[in-house]
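In what follows, a structure is listed as structure tokens, so that the remarks can point back to it.
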Amino acid sequence: MTRIISVISGKGGVGKTTLVSNLGASLAKKGKNVTVIDGNVTGANLGMHLGLPSADCCPISLNDVLRNDAFITQAMYRHPAGFSVIPAHLDDLSIDYGGLKKCIKPLIGANDFILIDSAAGTDKEVEAAIETSDAVLIVTNPEHPAVANAVAAKKLAERKGKEVLGLVLNKVMREGHELTKESIESMTKMQVLATLHDHRKVREAIAHRTPLVIHAPKNRTSKAIVQLAGHLCGEEPQKQGFAALHEQIMEFFRR
């Protein structure tokens with residue numbers, strides 16, 4: 001069964017594309033068939049994040065599919081990490097986004113997960129991504145404007161009758177002015193599924209156009225993304241630190 005998830009935010013710059021590219025790589029590493037789609041035609045950069053060649057080498061994109069000039073499978077490119085990418089191009093912004101749901105039908109059944117990197121905001125481009133999905137994952141940062149926009153994104157998804165999986169709290173720096181996880185959960189009435197810390201390795205990975213989980217797999221943000229991928233697969237969360245040690249001690253005495 002294919003699960004279609006849109007990654008939305010309500011605000012630009014929170015890290016949706018970084019999350020989508022890394023979730024794609026993490027899910028593929030778990031043996032899942034995954035396709036990631038750049039649903040942000042007006043700000044397309046998923047292909048750049050993943051190191052796809054230029055438009056000359058990848059001439060067919062989601063734009064062509066939405067214009068009915070190509071089939072969705074013609075716009076698919078294989079990433080070395082084992083998942084498929086459907087990029088968008090910035091060369092044509094006059095696109096009918098409403099056809100997205102119909103366009104991806106051939107992918108259903110052949111994939112375990114389809115991840116859509118949505119545009120920011122709550123306009124028609126975002127609505128098309130949400131309507132195409134079974135569920136949404138909302139990304140925010142630990143600051144009031146981003147959290148307020150996350151609430152707006154949640155309301156839009158709920159109006160469309162879509163399941164809201166929860167929040168991914170990104171770019172956390174543990175500075176005194178940041179909102180806490182607990183306060184964000186209280187404000188949004190959503191569970192924070194993953195906390196991703198800001199780190200130079202994240203910026204390095206973007207510069208190298210490689211998912212962080214491949215560039216620096218031992219980084220704690222990489223580990224958090226892999227754990228989030230496991231959550232999406234229905235895996236039990238791994239205990240870490242003191243909790244893991246406590247469980248090992250208890251298991252010893254149960255023997």
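The values are calculated or read from the model by the stated rules, or taken from the named source; none is laboratory data. Computed from a predicted model, the values in this text were never measured in an experiment. Quick reminder, even Gly has a Cβ in these numbers, built from the backbone with ideal geometry, and neighbours come from all protein chains shown.
For segment 57-68, indicate whether the set of residues that are surrounded by fewer than 16 Cβ atoms within 10 Å (Cβ to Cβ), touching a residue at least 24 places away in the same chain (Cβ under 8 Å), under 16 Å from residue 6 (Cα atoms) and out of contact with any strand residue (DSSP E or B) (no Cβ under 9 Å at 6 or more places or on another chain) is non-empty.
Within segment 57-68, none of the residues are surrounded by fewer than 16 Cβ atoms within 10 Å (Cβ to Cβ), touching a residue at least 24 places away in the same chain (Cβ under 8 Å), under 16 Å from residue 6 (Cα atoms) and out of contact with any strand residue (DSSP E or B) (no Cβ under 9 Å at 6 or more places or on another chain).
Return the pairs, sorted by first residue and then second, in which the second residue is part of a loop (DSSP other than H, G, I, E, B) and basic (Lys, Arg), the first residue lies in segment 84-113 and is at pLDDT 90 or above and surrounded by 19 or more Cβ atoms within 10 Å (Cβ to Cβ), the beta carbons are less than 6 Å apart, and the residues are 6+ apart or on different chains.
113/32
Identify, by number, the condition in (1) in a loop (DSSP other than H, G, I, E, B); (2) of a type outside the set (D, E, K, R); (3) touching a strand residue (DSSP E or B) at 6+ places or on another chain (Cβ under 7 Å) that residue 36 doesn't meet.
Exception for residue 36: condition (1).
When segment 220-255 is examined, which residues are found to be of a type in the set (Phe, Trp, Tyr) and at pLDDT 55 or above?
242 - this is the single residue of segment 220-255 that is of a type in the set (Phe, Trp, Tyr) and at pLDDT 55 or above.
Among 104, 95, which is among the aliphatic types (A, V, I, L, M) and within 21 Å of the chain's Cα centre (by Cα)?
The unique qualifying residue is 104.
Looking at the structure I just gave you, is residue 141 crowded, with 22+ Cβ neighbours inside 10 Å and in contact (Cβ under 8 Å) with a residue 40 or more places away in the chain?
Spelling it out, residue 141 is indeed crowded, with 22+ Cβ neighbours inside 10 Å and in contact (Cβ under 8 Å) with a residue 40 or more places away in the chain.
Scan segment 222-240 residue by residue and report those that are part of a helix (DSSP H, G or I) and within 24 Å of residue 114 (Cβ to Cβ). Working first, answer last.
At the first step, the residues of segment 222-240 found to be part of a helix (DSSP H, G or I) are 222-232.
Result: 222, 224, 225, 226, 227, 228, 229, 230, 231, 232.
Filter segment 194-223 down to residues that are more than 13 Å from residue 18 (Cα to Cα) and of a type in the set (Gly, Ala, Ser), then give me how many there are.
2
If you go through segment 181-216, how many residues are exposed (fewer than 12 other Cβ atoms within 10 Å of the Cβ) and over 19 Å from the mean Cα position of the chain (by Cα)?
Residues meeting the conditions: 4.
For segment 114-138, give me each residue that is out of contact with any Phe, Trp or Tyr (no Cβ under 6 Å at 6 or more places or on another chain), in contact (Cβ under 8 Å) with a residue 60 or more places away in the chain and not aliphatic (A, V, I, L, M).
Within segment 114-138, 117, 118, 121, 122, 132, 133, 134 meet the criteria.
Going through segment 14-33 one residue at a time, which ones are of a type outside the set (S, T, N, Q), part of a loop (DSSP other than H, G, I, E, B) and in contact (Cβ under 8 Å) with a residue 24 or more places away in the chain? Write out each step before concluding.
Our first condition is that a residue be of a type outside the set (S, T, N, Q); within segment 14-33, this holds for 14-16, 19-20, 23-25, 27-32.
Right, trim to part of a loop (DSSP other than H, G, I, E, B) and you get 14-15, 30-32.
14, 15, 30, 32, listed by residue number.
Looking at this structure, is residue 147 crowded, with 20+ Cβ neighbours inside 10 Å and within 19 Å of residue 225 (Cβ to Cβ)?
For residue 147, the condition - crowded, with 20+ Cβ neighbours inside 10 Å and within 19 Å of residue 225 (Cβ to Cβ) - is not met.
Under the condition of being touching a residue at least 12 places away in the same chain (Cβ under 8 Å) and more than 19 Å from the chain's Cα centre (by Cα), which residue from segment 69-83 is farthest from residue 229 (Cα to Cα)?
71
Would you check if residue 42 is in a helix (DSSP H, G or I) and either surrounded by 20 or more Cβ atoms within 10 Å (Cβ to Cβ) or at pLDDT 95 or above (or both)?
no
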